[in-house]
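The values are calculated or read from the model by the stated rules, or taken from the named source; none is laboratory data. These figures come from a predicted structure and were not determined experimentally. Cβ: placed from backbone, ideal geometry, glycine included. Neighbour counts: every protein chain shown.
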Amino acid sequence: MGPMTDAALVLFSGGQDSSVCLAWALDRYDRVETVGFDYGQRHAVELQARQAVRSRLAAGFPRWAGRLGEDHFIEMRGFGAIGGTAMTQERAFEITEKGLPSTYVPGRNLAFLTYAAALADRRGIPVLVGGMCETDYSGYPDCRRDAIDAMERALNLGMAQDFRIETPLMRLTKAQTWGLASRLGGEPLVDLIVRESHTCYRGERGELHAWGHGCGDCPACELRARGWEEWVAGGRPELAA
């Protein structure tokens, strides 16, 4: 397969952040493919949310439908088992003795980027897009832009490539992420993300809150709900381009 110079591969979990990143990429690139990972996460329902988000994006946004390419799925349960965290096991959500959240899976984003880069190499795609964020995040060291920059250099050296890793949410708060969704796709995209994306670490899809489905008290739900409330309280502004 020859190189697709105006193409991107989105690391797409089916959560709020990666759904906004997918819309962001579709707004910028002629061809956008997605890749998801099964690492044994407790909230495996997000893997179903991925397809719902993709389907509604294609159906509801004609200008993006023709740009949405193939979806890829990578099984990484062996990697997830190494971490032994609250993200993959029935454990309390807490801060560990290392000062990191118990949901932190060591090196998860680094592993995701390695697999994604290998796939992008074979697909001829020069841009990787991820939802990592260090402004309003859960304390994961591999979400920091310094870590992403180091990973970008390592991948390009190790694969003799010229990949670019885009992180459109890196400097945004969760409230600003809602604003970005609004700018990209208006109320239809905001509604899609509320109803179809999944963030809750417990994997609960029962109650639909104003900000989406979830248990309401795990760290992911609290962060998502707080961002929604701040965005609404601020008048639901769109994020300037």
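For Ala44, the test of being assigned to a helix (DSSP H, G or I) and either surrounded by 15 or more Cβ atoms within 10 Å (Cβ to Cβ) or at pLDDT 55 or above (or both) is failed.
Could you please give the count of residues in segment 214-241 that are outside any helix (DSSP H, G or I), surrounded by 21 or more Cβ atoms within 10 Å (Cβ to Cβ) and more than 17 Å from the chain's Cα centre (by Cα)? Number of matching residues: 1. Sub-8 Å Cβ pairs linking a first residue in segment 218-241 that is under 20 Å from Pro168 (Cα atoms) to a second residue that is hydrophobic (A, V, I, L, M, F, W, C) and surrounded by fewer than 18 Cβ atoms within 10 Å (Cβ to Cβ), at least 6 apart or interchain, are Trp228/Ala210, ordered by first then second residue. Can you tell me which residue within segment 163-213, out of those that are basic (Lys, Arg) and in a helix (DSSP H, G or I), is nearest to the chain's Cα centre (by Cα)? Among residues in segment 163-213 that are basic (Lys, Arg) and in a helix (DSSP H, G or I), the one nearest to the chain's Cα centre (by Cα) is Lys174. Taking the criterion of being modelled with pLDDT of 90 or more, buried (at least 24 other Cβ atoms within 10 Å of the Cβ), of a type in the set (S, T, N, Q) and out of contact with any strand residue (DSSP E or B) (no Cβ under 8 Å at 6 or more places or on another chain), would at least one residue in segment 6-22 satisfy it? There is at least one residue in segment 6-22 that is modelled with pLDDT of 90 or more, buried (at least 24 other Cβ atoms within 10 Å of the Cβ), of a type in the set (S, T, N, Q) and out of contact with any strand residue (DSSP E or B) (no Cβ under 8 Å at 6 or more places or on another chain). No other residue among Met151, Met159, Met87 is at pLDDT below 95, within 23 Å of Thr34 (Cβ to Cβ) and either of a type in the set (A, V, I, L, M) or in contact with a Phe, Trp or Tyr (Cβ under 7 Å, 6 or more places away or on another chain) (or both) apart from Met87.
Kindly indicate whether any position in segment 194-211 is surrounded by 21 or more Cβ atoms within 10 Å (Cβ to Cβ) and more than 19 Å from Phe12 (Cα to Cα). Scanning segment 194-211, I find at least one residue that is surrounded by 21 or more Cβ atoms within 10 Å (Cβ to Cβ) and more than 19 Å from Phe12 (Cα to Cα), so the answer is yes.
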